[in-house]
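The structure under discussion appears below in the form of structure tokens.
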Amino acid sequence: MNYEYLDHGADVGVRARAQTFTGLLASAARALFSLMADLEGVRKSTEERLTVEGEDEEDLLYEWLGELLSLSQLQMTVYSEFDLEVEKTADRLTLHGRLRGEEIDPSRHSLGTEVKGITYQGLEVTSPDPDEWSCVFVVDV
């Protein structure tokens, strides 16, 4: 597990880690969906493609998690596998993602916390060296 939950009052704080920025985005996504359901039993029967843009790493993380949450809520789906690529230009980062998961089935899935939204409060992305990335973000529950 490349993430942990942090005490944050009425909300939930999350710290994720990875060796690459794309790995960090995938770890953050797994942390988000792990709050919502136990990912062990999630089949990879549904596949979605998603493209998200941001001005920098923090903005891209925020947009990525927000889009995942919106997609999940609209389609009543939980995702557990993420194949990601990030393109960087002079003024923008673009994330191309392929997500796999399945429709939520309360009879099969152990459901967790309802996540209402992603906040900018406390959001940060750091990389003290090229092989070490981490982020902190807070979700409204």
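What to note about this one:
- Restricting the first member to segment 45-73 and to residues that are under 16 Å from ALA90 (Cα atoms), and the second to residues that are surrounded by fewer than 20 Cβ atoms within 10 Å (Cβ to Cβ) and modelled with pLDDT under 95, the beta-carbon pairs closer than 8 Å and six or more apart or on different chains are GLU55/ASP91.
- Residue that is farthest from MET36 (Cα to Cα), among those in segment 111-141 that are among the β-branched types (Val, Ile, Thr) and in a strand (DSSP E or B): THR126
- Among residues of segment 42-61, those that are acidic (Asp, Glu) and either surrounded by 15 or more Cβ atoms within 10 Å (Cβ to Cβ) or within 14 Å of the chain's Cα centre (by Cα) (or both), counted: 4
- Residue in segment 86-93 that is closer than 16 Å to ALA37 by Cα and surrounded by fewer than 14 Cβ atoms within 10 Å (Cβ to Cβ) present: no
- Qualifying residue in segment 95-110 (condition: part of a loop (DSSP other than H, G, I, E, B), surrounded by 15 or more Cβ atoms within 10 Å (Cβ to Cβ) and in contact (Cβ under 8 Å) with a residue 12 or more places away in the chain): yes
- Of the residues making up segment 106-123, not a single one is among the small types (Gly, Ala, Ser) and under 14 Å from ASP56 (Cβ atoms).
Here's the yes/no breakdown for (1) under 16 Å from the mean Cα position of the chain (by Cα); (2) modelled with pLDDT under 95:
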position: LEU32; (1), (2): yes, no
position: MET36; (1), (2): yes, yes
position: GLU63; (1), (2): yes, no
position: LEU71; (1), (2): yes, no
position: VAL78; (1), (2): yes, no
position: LEU93; (1), (2): no, no
position: ASP105; (1), (2): no, yes
position: SER110; (1), (2): no, yes
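The values are calculated or read from the model by the stated rules, or taken from the named source; none is laboratory data. Since we're looking at a predicted model, the values are computed, not measured. Note that we place each Cβ from the backbone using ideal geometry, even for glycine, and neighbour counts take in every protein chain shown.
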